[in-house]
1. Please go through segment 175-205 and give me each residue that is more than 16 Å from ligand 3 (Cβ to nearest atom) and either assigned to a loop (DSSP other than H, G, I, E, B) or surrounded by 23 or more Cβ atoms within 10 Å (Cβ to Cβ) (or both), ordered by number.
2. Do any residues in segment 139-159 that are within 20 Å of Q169 (Cβ to Cβ) have Cβ atoms under 6 Å from those of residues that are part of a loop (DSSP other than H, G, I, E, B) and of a type outside the set (V, I, T), where the two are at least six apart or on different chains, and which pairs are they?
3. Can we say T39 is among the polar types (S, T, N, Q), at pLDDT 95 or above and outside any loop (DSSP other than H, G, I, E, B)?
Amino acid sequence: MKRLLFVLGFAFACLILGIGLSLAQTVAFLPMDGTEGSTTFTDTMGNTWTASGNVHISTAQAVSNGASAYFDGNNDYIGVANSSVFDFSGPFTIDFYMFPLDGSARNQYIAGESRPDNGWGVDIRFDEGYMDGWGYDGWYGQLTEDRTKPGLVNLNNWNHIMISANLDQVSLYINGQLAVQRHRGKISDGANPFRIGDQLNFGGLGFKGYIDDFRISDQPLAPVPIPGAAWLLGSGLLGLAAVRRKKKQGVSKSCRRSKLF
Ligand SMILES: [Ca+2]
Ligand SMILES: [Ca+2]
Ligand SMILES: [Ca+2]
């Protein structure tokens, strides 16, 4: 009997391990923590980001650890040189929390490595109170929250934003709700820097507000819970700590649900 239990236990462990290893891996993560005014943005995955303009750590609003990044909407961004981490030609997920302060400005650039002149890359924008994005189905493949719906983004509050893409389709989730799902085309990679907050090449406005816990993963993620053991093996203790921090910070139920994948 003991031998049977051992064999069954071993098989179960292998199953969980297999599930875990097949899960997405975080390739960039900015917890945006630190002291008020700091311009140091540490990436727990080792990517080197540089602050430009007036972007800084702020303790005025936060999802994790009492601090986030504040962007004033005018030439403020955090940038990182291109590398294999910032290649969106395969499956990927970009997710983060944002606290927008301006719901009327057009095309506020939140994140991406888009380069419209060359027709490659992807981006995420906040456009007159709606989420938007470009480049997911050819350069003109716009990704826009359906404007016939009530706005899903809450101004002057934290929102969880997730763009999850496999090779066939791309999904935009806002606070755990599916806002848009559409065909995903070929996404051409390029050497443009990845930037958060503004993108001079695009020529639009910068984002005005706060961003926290910015993450890039190398697989599509769904905003649904998965078994804790498998998730733990797949995402590691870092993710566990991040979720525990969010629970302590009192993020809304929908936000917590979308973070538990
Ligand atoms: Ca933080
Ligand atoms: Ca500025
Ligand atoms: Ca790239």
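1. Across segment 175-205, the qualifying residues are N175, G176, R184, G185, G197, D198, L200, G203, G204.
2. Once the first residue is within 20 Å of Q169 (Cβ to Cβ) and sits in segment 139-159, its partners that are part of a loop (DSSP other than H, G, I, E, B) and of a type outside the set (V, I, T) give W139/G119; G141/G185.
3. On the way: among the polar types (S, T, N, Q): yes; at pLDDT 95 or above: yes; outside any loop (DSSP other than H, G, I, E, B): no.
Considered against the rule, which asks whether it is among the polar types (S, T, N, Q), at pLDDT 95 or above and outside any loop (DSSP other than H, G, I, E, B), T39 comes out as no.
Rundown of residues vs (1) crowded, with 20+ Cβ neighbours inside 10 Å; (2) on the phi < 0 side of the Ramachandran plot; (3) within 16 Å of ligand 3 (Cβ to nearest atom); (4) part of a strand (DSSP E or B), yes/no style:
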residue: N54; (1), (2), (3), (4): no, yes, no, no
residue: A60; (1), (2), (3), (4): no, yes, no, no
residue: N74; (1), (2), (3), (4): no, yes, no, no
residue: D95; (1), (2), (3), (4): yes, yes, no, yes
residue: D102; (1), (2), (3), (4): no, yes, no, no
residue: R106; (1), (2), (3), (4): no, yes, no, no
residue: A111; (1), (2), (3), (4): yes, yes, yes, yes
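The values are calculated or read from the model by the stated rules, or taken from the named source; none is laboratory data. Just so it is clear, the structure is predicted and the values come from calculations on it, not from any experiment. In this analysis, Cβ positions are derived from the backbone assuming ideal geometry, glycine residues included, and neighbour counts consider all displayed protein chains.
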